[in-house]
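Note sheet for the following structure.
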């Protein structure tokens, strides 16, 4: 694996791969979010204007309802074992645990390129080339910088399609510019996308506010079980399979942590969502302590202020261990900042 150091080098490698490939696949992590999936939609459209057909590979249980307003003309394929693509591009992911069974495609593809902005772990994907820039606010920002000149030369309707998707990558990873990763670069990117014809208020409403009554009832049920630890510094939330079934929802139907960010006195948010009998999805948020270090201790990862992992075992034991680690991290604050 060779690590790429700049955008131009990344673009040169990508173009070299694509010009010599008969089949191209794009994919992101399991439980697609507004960065990885919308960056994939933008990249696919950009490649189509270069005469390159590609497929976005998803899991059979991927929940994409919230992205439908962004997906016109997208070509998606549900992963099946045995499928082969000569070139594979992985976006917003550099971990085998976040690919699930689709890691098979990484093993069989002849040319493999990873583009990401998360802090690398010791379980990085085995690719031919990897570009990771943890200073980038989102993967969509990397796509924009690679293809800025091409985007500016597209017809206005195509510019808006790509810009809409890239703006979603931005507001997804900044939580609509409320996270600590909002800076001059992210706001400058937003301004450039507005110049391409996006309407931020419409995109915000469509992406963040378009929740169903079932989702809001489920959210209320989760929030009603809120627990506080360490004199209110740790906020713990839990979602059981019964809660999800009761509200007729899939496991990843709504992002719960963003609804509790900013509560007075809370330094760390931990959301534990049951996905199976003894399997739990952990989401961590904090503007003060390094939650990525905690996620890595469980085999996960992400960003310093937003990270996650899969936990396996008995609920109370997992919860006790997690709270203990969060308390220790807070004890070490501000060295953890």
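Normalising by the residue count of segment 213-332, find the relative contact order in percent from Cα pairs under 8 Å and 6+ residues apart. Display every interim value, and only then the final one.
Working: 206 pairs, mean separation 22.9, N = 120.
Computed over segment 213-332, the figure is 19 percent.
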**OP:** Please give the helix 156-174 orientation as an angle from the longest Cα principal axis of the chain, in degrees from 0 to 90, rounded to the nearest 10.
**Re:** 30 degrees
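Expected output is a single nm value to one decimal: the length gained when fully extending between residue 83 and residue 107, i.e. 0.36 nm times separation in residues minus the C-alpha distance. What is it?
Numbers: separation 24, 0.36 × 24 = 8.64 nm, distance 1.13 nm.
The residue 83-residue 107 span can extend by a further 7.5 nm.
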Subject >> Cα gyration tensor category, rounded, prolate or oblate, for segment 1-111 with a/c compared to 1.5 >> reply: rounded
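Would you kindly state how much longer the chain becomes between residue 53 and residue 3 on full extension, computed as 0.36 nm times their sequence separation minus their alpha carbon distance, in nm to one decimal? Working shown, then result.
Values: separation 50, 0.36 × 50 = 18.00 nm, distance 2.61 nm.
Here the segment from residue 53 to residue 3 would lengthen by 15.4 nm.
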Original post:
Which of these, 151, 143, 13, has the largest mean-square fluctuation under a Gaussian network model of the chain (Cα springs below 10 Å)?
Top reply: 13
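Can you compute the FRET efficiency between residue 96 and residue 68 using 1/(1 + (r/R0)^6), with r the Cβ-Cβ distance and R0 = 30 Å? Round to the nearest 0.05.
Numbers: r = 29 Å, r/R0 = 0.98.
Here the calculated transfer efficiency is 0.55.
Once fully extended, how much extra length lies between residue 210 and residue 324, figured as 0.36 nm per residue of separation less the alpha-carbon to alpha-carbon distance?
37.4 nm
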Original post:
Taking Cα centroids, how far is segment 279-335 from segment 178-243 in Å?
Top reply: 19 Å
Subject >> Between 0 and 90°, nearest 10: helix 184-195 axis offset from the chain longest Cα axis >> reply: 50 degrees
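Of the beta bridges DSSP finds with both residues in the chain, what % are antiparallel, to the nearest 5? Don't skip to the end; give the middle numbers.
Details: 20 of 46 bridges.
So the antiparallel bridges in the chain amount to around 45 percent.
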**OP:** Please determine, in degrees from 0 to 90 and to the nearest 10, the orientation of helix 139-152 with respect to the longest principal axis defined by the Cα atoms of the chain, where the helix direction is its Cα long axis.
**Re:** 30 degrees
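Before rounding to the nearest 500, sum -39500 (n - 2.57) across all DSSP H runs of length at least 4 in the chain and divide by the residue total; then give [θ] at 222 nm in deg cm²/dmol.
Values: 11 runs with 129 residues, N = 337.
Helices in the chain give a 222 nm mean residue ellipticity of -12000 deg cm²/dmol.
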Original post:
Quick one, which of (i) 136; (ii) 146; (iii) 234 is the actual volume of the Cα convex hull per residue in Å³ calculated for this model?
Top reply: (i)
Subject >> Relative contact order, percent, the chain [alpha-carbon distance under 8 Å, six or more residues apart] >> reply: 13 percent
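Here, each number is a calculation from the coordinates, and none is a lab measurement. No experiment lies behind these values; they were computed from the predicted model shown. Methodologically, a virtual Cβ is constructed for each residue, glycine included, from the backbone with ideal geometry; neighbour enumeration extends over all protein chains shown.
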